[in-house]
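The structure under discussion appears below in the form of C-alpha cells.
The values are calculated or read from the model by the stated rules, or taken from the named source; none is laboratory data. Computed from a predicted structure; not experimentally measured. Cβ coordinates were reconstructed from backbone atoms using ideal geometry, including for glycine residues, and neighbour counts include every protein chain displayed. Only protein heavy atoms, including side chains, enter the accessible area calculation; ligands, DNA and RNA are left aside. Shrake-Rupley method; radii C 1.70, N 1.55, O 1.52, S 1.80 Å.
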Amino acid sequence: MNENLKIMQIIPNLGLAGAEIMLENLVTSLVNDGFEVSVVSLFTEQTAITKRLEEKNVPLYYLGKKIGLDLKILIRLYRLFLKEKPNVVHTHRYAMQYVIPAALLARIPVRIHTVHSIADKEVSKTQRKLHSLFYNNFKVTPVSISPLVKKSVIKEYSFLDNQVPMIYNGIDLERFIPRGDYQESKDIVNIIHVGRFSKEKNHIALIEGFKIVKDNFPNTVLKLIGIGDLEQEIKEKVKELKLEESIEFLGLQSDVSPFYKEADIFVLPSLWEGMPITLIEAMATGLPIVAAGVGGIPDMIEDGVSGLLVDPSKDQIAEALLKLIGYSELRKEIGNNARIASEKYSVQLMKKQYVKLYKKCFNNG
C-alpha cells in the first residue's frame, strides 16, 4: 500500500463519457503507483471501462441501484465501507447524495467530490441543497476541473477561492499519436464529433451547419461517435436534410483513438461543458479544432491559436469549418498548437495533484 491510503472511487455508472473516462484514467495511474484503489458503480451496468479495470485487477463493486431514488444504496454503501475500510472516498456526478451519509456513519475521514460540470448544471436544485449541506457541514472537499467550473462552485455554494481546489482532467497522452498530414490532397475531408446524443451536445445545430459545409465542399464527411436519448431525432434531421450519405453514426467506441487519427477536423459545438475529455484527446492528436466558446472550453483553447472558438449556432459552426477546410496551413498551425497545449492535461499531473489533496485532507483529519 502506498502511504497508507486506501482510496475508493464512487460513480453512478461507468459508461463511455467524460467523468467516467477521467475516473478510469485516475484509477489506472494510482494503481500503477502502488495505491490500493477500488471502484464502486451504483448501477450494475458493465461496460468497456469496467472490463478494462477488471483486467487490471482493480476491485469493482456493483450495488444494483434501481432507477430513481433508491435508499437501499445507503445501506449497501455503509456495509461496504465497514467491510473495506477505505480512508478516502472520492465521488463523481450525483453519487455524493448516497455516499456521504454512509461515509459519515462509517467514519471515513477523507471525502472528496469532483465537480465535472458547471455547478448549477451538475445536479438538480434539490441535490445542490444536499451538496451545500455536505460541503459546508461535513468536510466534503469540492474539486473543480477548470477555472470556470471553479467560479461556478464558488458562486453556487458561497466558498472562498482557497476552499475549492482546481485539478485539470488528464489523459494518457501517449495513447494519442499526433498527426503529421494536414494537406488538401485527400479525396475526403473527415470531420469528427464524439459525444452522447443529448441536448447539451447540440447535434442539431452541428448537422445544420454541416449542411452548409457540404453545399460548399461536397467531399466532406461527418462522423458521429456516441449514443443517447436524442439519437432518433438527430437521425431524422439528417434524413430531412438529405445527408444520409455524408453523416456516419458510429455508435459507442471503446477506443476512439483510431478515429481521431483518421480525422481531419474535430468539432465540439456544445451548449455547455465543464472540461471535456474528448477535447483533450483531440488536442493530443494534433487535430485542428472548432469548438463552442462555452463552459471551460475557452480555458483550454486559445481562439485562433489552438482552435477556433464559435457561438454554438449553425452559421458560426459552418463558417469555422469552412475556414479550416479551405486552408491546410491553418489546419497545420492550429493542430500543432493544440498538441502542445494538451501537455498540461497529462494523467500523471492529475494523479499527482489528487494524491497531494488526499494526503493533505488525511493529515488534517
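In table form, for the structure just shown:
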{"quantity": "Neighbours by Cβ (under 9 Å, 6+ apart or cross-chain): first from segment 113-137, within 21 Å of Ala17 (Cα to Cα); second assigned to a loop (DSSP other than H, G, I, E, B) and open to solvent by 60 Å² or more (accessible area, probe 1.4 Å)", "calculated": "Ser117/Trp272; Ile118/Trp272; Lys121/Trp272"}
{"quantity": "Residue in segment 207-223 that is open to solvent by less than 20 Å² (accessible area, probe 1.4 Å), outside any loop (DSSP other than H, G, I, E, B), closer than 30 Å to Leu349 by Cα and among the aromatic types (Phe, Trp, Tyr) present", "calculated": "no"}
{"quantity": "Unmet criterion (only one of (1) touching a helix residue (DSSP H, G or I) at 6+ places or on another chain (Cβ under 7 Å); (2) open to solvent by less than 40 Å² (accessible area, probe 1.4 Å); (3) at pLDDT below 95; (4) of a type outside the set (S, T, N, Q)) for Lys56", "calculated": "(2)"}
{"quantity": "Residues being on the phi < 0 side of the Ramachandran plot, modelled with pLDDT of 90 or more and outside any helix (DSSP H, G or I) - total across segment 109-155", "calculated": "15"}
{"quantity": "Flag for Asp255 being open to solvent by 90 Å² or more (accessible area, probe 1.4 Å), over 20 Å from Glu319 (Cβ atoms), modelled with pLDDT under 95 and not hydroxyl-bearing (Ser, Thr, Tyr)", "calculated": "no"}
{"quantity": "Some residue of segment 346-360 being part of a strand (DSSP E or B), of a type outside the set (Lys, Arg), closer than 15 Å to Leu173 by Cβ and within 15 Å of the chain's Cα centre (by Cα)", "calculated": "yes"}
{"quantity": "Flag for Tyr78 being within 22 Å of Gln127 (Cα to Cα), open to solvent by 40 Å² or more (accessible area, probe 1.4 Å) and touching a residue at least 40 places away in the same chain (Cβ under 8 Å)", "calculated": "no"}
{"quantity": "Elements of type helices (runs of 4 or more DSSP H) contained in segment 32-108, each with 3 or more residues being touching a Gly at 6+ places or on another chain (Cβ under 9 Å) and closer than 24 Å to Gly15 by Cβ", "calculated": "72-84"}
{"quantity": "Residue check for Lys314: among the basic types (Lys, Arg) and within 23 Å of Glu200 (Cβ to Cβ)", "calculated": "yes"}
{"quantity": "One residue from Pro178, Pro165 being open to solvent by less than 40 Å² (accessible area, probe 1.4 Å) and either in contact (Cβ under 8 Å) with a residue 40 or more places away in the chain or in contact with a Pro (Cβ under 8 Å, 6 or more places away or on another chain) (or both)", "calculated": "Pro165"}
{"quantity": "Filter result for the condition that a residue is without any contact (Cβ under 8 Å) to a residue 24 or more places away in the chain, under 26 Å from Ser346 (Cβ atoms) and of a type in the set (A, V, I, L, M, F, W, C), over Leu14, Leu60, Leu71", "calculated": "Leu60"}
{"quantity": "Any hit, segment 121-132, residues being open to solvent by 50 Å² or more (accessible area, probe 1.4 Å) and of a type in the set (Ser, Thr, Tyr)", "calculated": "yes"}
{"quantity": "Test: residue in segment 67-83 that is of a type in the set (Lys, Arg), farther than 18 Å from Ser38 by Cβ and either modelled with pLDDT of 95 or more or out of contact with any strand residue (DSSP E or B) (no Cβ under 7 Å at 6 or more places or on another chain) (or both)", "calculated": "yes"}
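Yes/no per residue for (1) in contact with a Pro (Cβ under 8 Å, 6 or more places away or on another chain); (2) within 24 Å of Met22 (Cα to Cα); (3) surrounded by fewer than 18 Cβ atoms within 10 Å (Cβ to Cβ):
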{"site": "Asp229", "(1), (2), (3)": "no, yes, yes"}
{"site": "Val238", "(1), (2), (3)": "no, no, no"}
{"site": "Asp264", "(1), (2), (3)": "yes, no, no"}
{"site": "Gly286", "(1), (2), (3)": "yes, yes, no"}
{"site": "Leu324", "(1), (2), (3)": "yes, no, no"}
{"site": "Ile340", "(1), (2), (3)": "no, yes, yes"}
